[in-house]
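What follows is a short report on a single structure.
The values are calculated or read from the model by the stated rules, or taken from the named source; none is laboratory data. On a predicted model such as this, the values are computed, not experimentally measured, just so you know. A quick note on method: Cβ atoms are made from the backbone with ideal geometry, for glycine too, and the neighbour counts reach across all protein chains shown. What goes into the accessible areas is simple: the full protein's heavy atoms, side chains included, and nothing from ligands, DNA or RNA. Shrake-Rupley method; radii C 1.70, N 1.55, O 1.52, S 1.80 Å.
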Amino acid sequence: MNDFDERWRALRTEIAAAAQTVGRNDAEIQVLAVSKTFPASAIQQAYDCGVRRFGENKVQELAQKAPRLPADIEWHLIGHLQSNKAAKALEFAAWIHSVDSLKLLERLDRIAGDMGKHPRILLEVNSGESAKSGVDYADLPELAQAARAAANLDFRGLMTMAPLDENPAVWRAAFDKLRIARDELEQSLGIRLPELSMGMSGDFYQAVQAGATIVRVGSRLFGHRDYTV
Ligand SMILES: *Cc1c(COP(=O)(O)O)cnc(C)c1O
């Protein structure tokens with residue numbers, strides 16, 4: 001067993017423990033391996049351990065890595081996306097977690113149509129003023145309505161990042177709030193929104209307890225990130 005394999009198993013064990021505290025089945029929780037800043041070789045090693053879903057937060061980095069790695073990898077774009085990079089993003093990403101404006105939504109819908117693609121999207125919601133991106137809760141219903149109407153996008157749910165805070169109860173409250181907002185949208189729009197993308201290396205435990213279906217875990221799997229490279 002190599003290091004990645006060991007970390008992956010330990011993570012899955014903790015996810016199962018968190019799920020058990022609230023009576024959830026951990027089989028319904030996906031781990032997205034966040035590979036930003038890590039080289040293609042690290043991703044290949046994870047791939048060789050059976051991992052197929054990877055998250056990148058920059059379009060440029062995704063476009064550099066994806067062509068050098070196996071074609072059956074499912075790439076998720078999780079970082080802020082500028083509308084002028086929408087086409088490049090759709091070239092490589094099957095999922096976009098960070099849709100946070102009408103302008104971006106409309107552009108993704110139009111370009112996906114031109115490309116004959118049907119990407120899965122999540123709407124990113126801002127859980128606190130420390131977060132740089134995400135739609136405010138007040139503007140979420142309007143954006144969600146537009147997402148439902150977008151013919152070329154598969155609207156799957158919501159994503160958030162917990163506010164920067166030391167207190168796990170604050171993270172948990174932010175995650176609970178996202179789940180409740182999702183439940184309300186399912187009611188008002190009359191559609192299923194099965195995915196809640198929430199929880200990272202430091203707070204996935206609380207996210208799983210609150211109902212996360214996708215946890216986005218980077219450093220816990222790949223090690224410390226060096227932003228200078
Ligand atoms: C980097 C990143 C993650 C993973 O962060 P870790 O703390 O390394 O697990 C998750 N989500 C987003 C949006 C990120 O940018």
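A few notes on this one:
- Top-ranked residue of the stretch 149-202 - restricted to ones that are among the acidic types (Asp, Glu) and in contact with a strand residue (DSSP E or B) (Cβ under 9 Å, 6 or more places away or on another chain), ranked as farthest from residue 29 (Cα to Cα): 154
Results for (1) without any contact (Cβ under 8 Å) to a residue 40 or more places away in the chain; (2) over 27 Å from residue 70 (Cα atoms), shown as yes or no for each residue.
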| site | (1), (2) |
| --- | --- |
| 100 | no, yes |
| 107 | yes, yes |
| 127 | no, yes |
| 136 | yes, yes |
| 145 | no, yes |
| 155 | yes, no |
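- Neighbours by Cβ (under 9 Å, 6+ apart or cross-chain): first from the stretch 159-175, more than 18 Å from residue 136 (Cβ to Cβ); second open to solvent by less than 40 Å² (accessible area, probe 1.4 Å) and among the charged types (D, E, K, R): 168/203; 171/203; 172/203
- Contact map, the stretch 66-84: first residue modelled with pLDDT of 95 or more and aromatic (Phe, Trp, Tyr), second residue near the ligand (Cβ under 10 Å from one of its atoms) and in a strand (DSSP E or B), Cβ cut-off under 7 Å, separation 6 or more or different chains; pairs are 75/56.
- Pair list, Cβ under 6 Å, 6 or more apart: the stretch 3-23 residue more than 12 Å from residue 211 (Cα to Cα), other residue at pLDDT 95 or above and acidic (Asp, Glu): 16/26
- Screening the candidates 33, 46 for the property of being within 16 Å of the ligand (Cβ to nearest atom), more than 20 Å from residue 123 (Cα to Cα) and either of a type outside the set (Phe, Trp, Tyr) or touching an Asp or Glu at 6+ places or on another chain (Cβ under 7 Å) (or both) yields one hit, 46.
- The set of residues from the stretch 123-176 being assigned to a helix (DSSP H, G or I), within 16 Å of the ligand (Cβ to nearest atom) and open to solvent by 40 Å² or more (accessible area, probe 1.4 Å) comprises 168, 171.
- For residue 64, the criteria (1) in a helix (DSSP H, G or I); (2) surrounded by fewer than 16 Cβ atoms within 10 Å (Cβ to Cβ); (3) touching a Lys or Arg at 6+ places or on another chain (Cβ under 9 Å) hold in every case but one, which is (3).
- Enumeration of residues in the stretch 203-218 that are part of a helix (DSSP H, G or I), open to solvent by less than 20 Å² (accessible area, probe 1.4 Å) and within 15 Å of residue 25 (Cβ to Cβ): 208
- Inclusion of residue 95 among residues that are under 26 Å from residue 40 (Cβ atoms), of a type in the set (Phe, Trp, Tyr) and touching a His at 6+ places or on another chain (Cβ under 9 Å) is warranted.
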